[in-house]
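Trainee: Attaching a single structure in structure tokens format; questions to follow.
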Amino acid sequence: MDKMTVRDIELSGVRVLLRVDFNVPLAGDAITDDTRIRAALPTLEYMLSCNPRAIILMSHLGRPKGEIVPDMSLAPVAPALAQLLGRPVAFADNCIGSAVDDALRDLPDGGLLLLENTRFHAGESENDPQFAAELARRGDVFVNDAFGTAHRAHASNVGVSAHLTAVAGILLEKEITYLATLLENPARPFVAILGGAKVSGKIDVIDALISKVDKLLVGGGMANTFFAAQGRDMADSLVEREALDIARAALDRAGAKLVLPLDQVIADAFSNDAAQSVIAASDDVPAGWQSLDIGPATGEKFAHVLHGAKTVVWNGPMGVFELPSFAAGTIGIAQALAHETARGATTVVGGGDSAAAVEQAGLAAQMSHISTGGGASLELLEGKQLPGIAALSER
């Protein structure tokens, strides 16, 4: 890795400005999933062992669009982080101005301060230079550990780097190592699995991966669009009609590398209690029915392709896994990846729904790496340079 990391700089006695991704789901003041908070702990624990003067944490939460939205306050995160670290975490009710200065004045040596949602200010998403300078002026060094926003050129992850030495945290370094470095020279066979709803959002990923992978397995709503592009009647299934030409072109380019489902689980309604049936991929979907998961023959086929793989990258579920009746295909993929990990394969799960599915299946610990960023991981898979990474200081 050619970027500096938190291990390359002196932290003793300095104020560290740390960008984290604490964009966690909330139910009132309760955090319903603290995965992203726990992901930041290795960096925080390392920095604390270096005796800094203070650690100032910045994050966004939700999309308040430059307005103060009380339901998107980071206030509930401070006590949650304090409990995980076993030490106090102060909270400032703004990310700039006197609220931050007052909180820092009261902070003991080695203390932690969490700032309020950076997106409460329009200058964050606009990467406004003045806003970035105001964020930066309280730090001596800048550590970026927020991979989930690395594909955004915002003030708190890009703008501040114009004012401070900017280095990667341990989580961001791990993400770069797995998702970028891994793709440069993957151990083979190299298999990619793509799912989720849309072909259009992942067509650049397909184009980038086709030249690198040995096989590309496609499931989820994406497969419906490919089937429709081949002339199959998909009835009420989710199909991107505007992406049919894109899908046909991708099929032509990919050839035998791209593997579509052999069968599908269809239902007469988008409901966990709907009547369901399994049909072959060569059959039309009956009127009033829709495809909601890959079928059992596909699960076996995909597991067979994965067997013996040395590198696997997975982004996107195989069906509507949030409905238990249609989660079997996605869980089956998670189980197959866990099996290959145990056999020595490197298995990388992209963020978003596929990461949630692996957690739901109880198999997260059996993957080599689960990315914390959905959009960022997709852009890295496309081979794009991410602004948040490009802004880091070179070694």
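Trainee: As an exercise: evaluate Asp204 against (1) at pLDDT below 95; (2) more than 27 Å from Ala247 (Cα to Cα); (3) of a type outside the set (Lys, Arg) and give the number of the one condition it does not meet.
Mentor: It is condition (2) that Asp204 fails.
Trainee: Taking the range 230-264, which residues are closer than 15 Å to Ala197 by Cα, in contact with a Lys or Arg (Cβ under 9 Å, 6 or more places away or on another chain) and outside any loop (DSSP other than H, G, I, E, B)?
Mentor: Within the range 230-264, just Ala243 meets the criteria.
Trainee: Starting from residues that are in contact with an Asp or Glu (Cβ under 7 Å, 6 or more places away or on another chain) and more than 21 Å from His163 (Cβ to Cβ), keep the ones in the range 76-119 and report whichever is surrounded by the fewest Cβ atoms within 10 Å (Cβ to Cβ).
Mentor: Asp93
Trainee: Same structure, new question: Of the numbered conditions (1) at pLDDT 90 or above; (2) farther than 20 Å from Ile389 by Cα, Leu172 satisfies every one except a single condition; which is it?
Mentor: The one condition Leu172 does not meet is (2).
Trainee: Please name all residue pairs, on different chains or six or more residues apart, with Cβ atoms under 8 Å, provided the first residue is in the range 40-53 and is under 21 Å from Glu175 (Cβ atoms) and in contact (Cβ under 8 Å) with a residue 40 or more places away in the chain and the second residue is part of a loop (DSSP other than H, G, I, E, B) and of a type in the set (Asp, Glu).
Mentor: Ala40/Asp21; Ala40/Asp145; Thr43/Asp145
Trainee: What pairs come up if the first residue lies in the range 215-226 and is open to solvent by less than 10 Å² (accessible area, probe 1.4 Å), the second is charged (D, E, K, R), and their beta carbons are under 7 Å apart, counting only those six or more places apart or on different chains?
Mentor: Leu216/Lys257; Met222/Lys198; Met222/Lys202; Thr225/Glu240
Trainee: For the range 177-202, how many residues are assigned to a helix (DSSP H, G or I) and either more than 18 Å from the chain's Cα centre (by Cα) or among the hydroxyl-bearing types (Ser, Thr, Tyr) (or both)?
Mentor: Summing the residues that are assigned to a helix (DSSP H, G or I) and either more than 18 Å from the chain's Cα centre (by Cα) or among the hydroxyl-bearing types (Ser, Thr, Tyr) (or both) in the range 177-202 gives 5.
Trainee: Filter the range 346-391 down to residues that are open to solvent by less than 10 Å² (accessible area, probe 1.4 Å), more than 9 Å from the chain's Cα centre (by Cα) and not hydroxyl-bearing (Ser, Thr, Tyr), then give me how many there are.
Mentor: 7
Trainee: Confirm whether Ala27 is hydrophobic (A, V, I, L, M, F, W, C) and over 24 Å from Ala150 (Cβ atoms).
Mentor: Yes, satisfied.
Trainee: Can you work out which of the residues in the range 16-33 that are closer than 25 Å to Gly110 by Cβ and not aliphatic (A, V, I, L, M) is surrounded by the most Cβ atoms within 10 Å (Cβ to Cβ)?
Mentor: Arg19
Per-residue answers, yes or no, for (1) open to solvent by 20 Å² or more (accessible area, probe 1.4 Å); (2) within 20 Å of Ile370 (Cα to Cα); (3) aromatic (Phe, Trp, Tyr); (4) in contact (Cβ under 8 Å) with a residue 40 or more places away in the chain:
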residue	(1), (2), (3), (4)
Glu175	no, yes, no, yes
Tyr178	yes, yes, yes, yes
Ala187	yes, yes, no, yes
Lys198	yes, no, no, yes
Asp207	yes, no, no, yes
Ala235	yes, no, no, yes
Ile246	yes, no, no, yes
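Trainee: Go through the range 302-333 and give me each residue that's assigned to a helix (DSSP H, G or I) and touching a residue at least 40 places away in the same chain (Cβ under 8 Å).
Mentor: Phe302, Val305, Leu306, Pro324, Ser325, Phe326, Ala328, Gly329, Thr330, Ile333, listed by residue number.
Trainee: Of everything in the range 8-59, what is within 19 Å of the chain's Cα centre (by Cα) and either part of a loop (DSSP other than H, G, I, E, B) or among the acidic types (Asp, Glu) (or both)? Give them in sequence order.
Mentor: Selection gives Val20, Asp21, Phe22, Asn23, Val24, Pro25, Thr32, Asp33, Asp34, Ala40, Ser59.
Trainee: Can you name every residue in the range 331-340 that is closer than 12 Å to Glu300 by Cα and of a type outside the set (A, V, I, L, M, F, W, C)?
Mentor: If the condition is that a residue be closer than 12 Å to Glu300 by Cα and of a type outside the set (A, V, I, L, M, F, W, C), then Gly332, Gln335 are the ones that fit.
Trainee: With respect to Phe142, is the statement that it is more than 15 Å from Ile56 (Cβ to Cβ) and either among the basic types (Lys, Arg) or buried (at least 19 other Cβ atoms within 10 Å of the Cβ) (or both) true?
Mentor: No, not satisfied.
Trainee: Return only the number of the condition from (1) open to solvent by less than 60 Å² (accessible area, probe 1.4 Å); (2) in contact (Cβ under 8 Å) with a residue 40 or more places away in the chain that Asp284 does not satisfy.
Mentor: (1)
The values are calculated or read from the model by the stated rules, or taken from the named source; none is laboratory data. None of the values given here were measured: they were computed from a predicted structure. As a convention, Cβ positions derive from the backbone with ideal geometry for all residues, glycine included, and neighbour counts pool all protein chains shown. Surface areas here come from the heavy atoms of the whole protein model, side chains and all, with no ligands, DNA or RNA. Shrake-Rupley method; radii C 1.70, N 1.55, O 1.52, S 1.80 Å.
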